[in-house]
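To keep things clear, I will list the structure first and then write my remarks on it.
Values in this text are rule-based calculations from the coordinates and carry no lab data. Because the structure is predicted, anything quoted here is derived from the model rather than measured. Cβ coordinates were reconstructed from backbone atoms using ideal geometry, including for glycine residues, and neighbour counts include every protein chain displayed.
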């Protein structure tokens, strides 16, 4: 399917829905100009773009699946972090927020940082201060956009399963006192009825290579992160690979009281470091 045919198909679906371009663009968290370029074949939409437009139009899951099965080879892509930074990283947070809004079951594996949905404001600010650090106004706007996403944790009808490697909890992304507060937040959020947090212990047998972090949106979409880019795919075989990988790590993760004990032990280490430092 060419760029023009993807755009033409999306435009046909929008017109059939009776919705204006501005309405669909607003629902899909994109500008009307971007939607126009997609519909007219002047730019190739990403997997995220296609998913958001189809959701905004309100097509059935069957229609969405059929359309994306045809478009899949054209809409599996990588977006370089430098491009997202240039476009405005807070806009990317809004795009992820829109994708999460259409996700019923979110599974997320992290071997690098505390997941964004679980971050405190101070931790998030420290993350966006890491090289290449965002300028202060941009950082503040991006942190605010990330924190807005966290409201989804309290919405009915959704479930969240986070897997975090133990070393992530120990990395000193910010001051020990701030790290202690961040770990307290993990323990608190783990008590939410629809949130499950597992810690992958360092002393367990490694079930697979934790090559990158990724999020699974239902069984339909994977967003994976590397050092230079974010990859998005809907290919069933690729999605299946990530589901199997997630399951392997979840089988050795610590949950419930064991999870809380592990996190609190690391938190106490940070508190002692603060007192002696």
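Using C-alpha pairs below 8 Å separated by at least 6 residues, the relative contact order for the chain is 20 percent.
The sum of -39500 (n - 2.57) across all DSSP H runs of n ≥ 4, divided by the residue count of the chain, sets its helix-only mean residue ellipticity at 222 nm to -16500 deg cm²/dmol.
The listed peptides 236-243, 142-149, 9-16, ordered by packing as a protection proxy, come out as 142-149, 9-16, 236-243 (highest mean of other Cβ atoms within 10 Å first).
As a size descriptor, the averaged projected area of the C-alpha convex hull of the range 78-276 was calculated at 11.1 nm². By other beta-carbon atoms within 10 Å, ranking 171, 90, 81 with the fewest at the front produces 171, 81, 90.
Each Cα pair under 8 Å and six or more residues apart adds its sequence gap; the mean of these over the residue count of the range 152-211 is a relative contact order of 50 percent.
Taking a ≥ b ≥ c as the square roots of the eigenvalues of the Cα gyration tensor of the range 222-277, is the shape rounded (a/c under 1.5), prolate (a/b larger than b/c) or oblate? Since a/c reaches 1.5 but b/c is at least a/b, the shape of the range 222-277 is classed as oblate. Our summary of shape: the Cα atoms of the range 18-170 have principal axis extents of 49, 34, 27 Å, ordered from largest down, in whole angstrom.
Listed peptides 180-186, 201-207 appear in the order 180-186, 201-207 once ranked by packing, highest mean of other Cβ atoms within 10 Å at the front.
Normalised by the number of residues in the range 3-75, the mean separation of alpha-carbon contacts (under 8 Å, six or more apart) gives a relative contact order of 39 percent.
Applying 1/(1 + (r/R0)^6) with r as the Cβ-Cβ distance of residue 172 and residue 43 and R0 = 45 angstrom yields a FRET efficiency of 0.65.
The DSSP beta bridges internal to the range 78-276 are antiparallel in roughly 60% of cases. Ranked by the mean number of other Cβ atoms within 10 Å of their residues, highest first, the peptides 17-23, 119-125 fall in the order 119-125, 17-23.
Site pair residue 129 and residue 258 shows an inter-label distance of 3.6 nm when each label is modelled 7 Å from Cα along Cα→Cβ. Given the range 172-274, report the % of alpha carbon pairs whose separation exceeds 20 Å. I get 53 percent for the Cα pairs in the range 172-274 exceeding 20 Å.
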